[in-house]
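Q: My structure is below; once you've seen it, I'll send some questions.
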Amino acid sequence: EDQVTQSPEALRLQEGESSSLNCSYTVSGLRGLFWYRQDPGKGPEFLFTLYSAGEEKEKERLKATLTKKESFLHITAPKPEDSATYLCAAVIKGAAGNKLTFGGGTRVLVKP
Amino acid sequence: EPEVTQTPSHQVTQMGQEVILRCVPISNHLYFYWYRQILGQKVEFLVSFYNNEISEKSEIFDDQFSVERPDGSNFTLKIRSTKLEDSAMYFCASSRGTGADTQYFGPGTRLTVL
């Protein structure tokens, strides 16, 4: 069964304390790996798409990387406004309808 | 910047009633999706829609659910006879292309079934 698992479930950081979030996937074939940010009561906001192992994408304090089994979201010198739930999701090869399979998310709280 | 919009933001209904959730996808997008998120749980895929047909649906999307694109801009999700367990946030998403093209999400409709 295709699965996407995120760890840790929650992360408390001091402002400026860099850290990494993990997304591991066991899927029959990966077409793309997505990272989204979700604020409470809101819809997922797109951050990155990664397509192949070794790929990296960066945006401000966030950097996403992909290997054959997992993806990492690195948060460098986070600020309180980076507090959110970060979701990863996979699109699997052969899926007819491009469905996203989501992990459970990592809730990040950055304290000033 | 174009965005996906959804109405209403919050819908309260009695068990057994029909509800229609509405979405306006991004205008040049061709693929449309519904997902739901029960409080504290993962975002779950419900259905994808392209060229006026369902492309894929999950086990959740049973005969009580239907989708429609009634005109050139709206995309709706109907739940025929709501159950308590249908209470969730419902997200509409759209993408320009297929495969791993980016899906952009709306703000969601919170459905509460009493």
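The values are calculated or read from the model by the stated rules, or taken from the named source; none is laboratory data. Since the model is a prediction, treat every value here as computed from it, not as a measurement. So basically every Cβ, Gly included, is an ideal-geometry build from the backbone, and we count neighbours across all protein chains shown. The accessibility values were calculated without ligands, DNA or RNA, using every heavy atom of the protein model including side chains. Shrake-Rupley method; radii C 1.70, N 1.55, O 1.52, S 1.80 Å.
Q: Being of a type in the set (Phe, Trp, Tyr) and open to solvent by less than 40 Å² (accessible area, probe 1.4 Å) is the filter; apply it to the stretch B:82-108 and report the residue that is farthest from the chain's Cα centre (by Cα).
A: Top of the filtered list is B:PHE105.
Q: Across the stretch A:79-97, which residue is nearest to A:ALA10 (Cα to Cα) among those that are in a loop (DSSP other than H, G, I, E, B) and open to solvent by 50 Å² or more (accessible area, probe 1.4 Å)?
A: Per the stated criteria, the residue is A:LYS79.
Q: On to the next question. Looking only at the stretch A:70-78, decide whether some residue is touching a residue at least 60 places away in the same chain (Cβ under 8 Å) and within 9 Å of chain B (Cβ to nearest Cβ).
A: no
Q: While we're on this one: Taking A:ARG37, is it within 12 Å of another protein chain (Cβ to nearest Cβ), under 23 Å from B:LYS57 (Cα atoms), basic (Lys, Arg) and open to solvent by 30 Å² or more (accessible area, probe 1.4 Å)?
A: No.
Q: Of the residues that sit in the stretch A:42-84 and are aliphatic (A, V, I, L, M) and farther than 26 Å from B:ARG36 by Cβ, which one is modelled with the lowest pLDDT?
A: Only one residue tops the list, namely A:ALA53.
Q: While we're on this one: Spot the failing condition for A:SER28; the list is (1) within 11 Å of chain B (Cβ to nearest Cβ); (2) touching a strand residue (DSSP E or B) at 6+ places or on another chain (Cβ under 7 Å); (3) not in a strand (DSSP E or B), and only one is missed.
A: Of everything listed in (1) within 11 Å of chain B (Cβ to nearest Cβ); (2) touching a strand residue (DSSP E or B) at 6+ places or on another chain (Cβ under 7 Å); (3) not in a strand (DSSP E or B), A:SER28 misses just condition (1).
Q: Residues in the stretch B:21-58 that are exposed (fewer than 12 other Cβ atoms within 10 Å of the Cβ), more than 21 Å from A:VAL91 (Cα to Cα) and touching a residue at least 12 places away in the same chain (Cβ under 8 Å): how many?
A: Going through the stretch B:21-58 one residue at a time, the tally reaches 4.
Residue-wise test of (1) under 25 Å from A:ALA84 (Cα atoms); (2) of a type in the set (Lys, Arg); (3) within 12 Å of chain A (Cβ to nearest Cβ).
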| residue | (1), (2), (3) |
| --- | --- |
| B:PRO2 | yes, no, no |
| B:GLN6 | yes, no, yes |
| B:VAL47 | no, no, yes |
| B:ASN74 | no, no, no |
| B:SER95 | yes, no, yes |
| B:TYR104 | yes, no, yes |
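Q: Still on this model: On the given criteria, is A:THR76 open to solvent by 60 Å² or more (accessible area, probe 1.4 Å) and over 30 Å from B:LYS57 (Cβ atoms)?
A: yes
Q: Look through the stretch A:1-16, keep the residues that are open to solvent by 50 Å² or more (accessible area, probe 1.4 Å), in a loop (DSSP other than H, G, I, E, B) and more than 14 Å from A:LEU73 (Cα to Cα), and return whichever of them is modelled with the lowest pLDDT.
A: Checking each candidate, the answer is A:GLU1.
Q: A further question on this structure: Consider A:SER52 carefully, then state whether it is touching a residue at least 40 places away in the same chain (Cβ under 8 Å) and among the small types (Gly, Ala, Ser).
A: Judged against the criteria, A:SER52 is not a match.
Q: While we're on this one: Right, B:ILE60: within 14 Å of the chain's Cα centre (by Cα) and in a loop (DSSP other than H, G, I, E, B) or not?
A: Yes: the conditions hold for B:ILE60.
Q: Go through the stretch A:98-112 and report how many residues are within 14 Å of chain B (Cβ to nearest Cβ), surrounded by 19 or more Cβ atoms within 10 Å (Cβ to Cβ) and either at negative phi or at pLDDT below 95 (or both).
A: 7
Q: Then there is this: Restrict the check to the stretch B:46-53 and report whether at least one residue is among the acidic types (Asp, Glu), more than 25 Å from A:LEU47 (Cα to Cα) and part of a strand (DSSP E or B).
A: So far as the stretch B:46-53 goes, yes, one or more of its residues are among the acidic types (Asp, Glu), more than 25 Å from A:LEU47 (Cα to Cα) and part of a strand (DSSP E or B).
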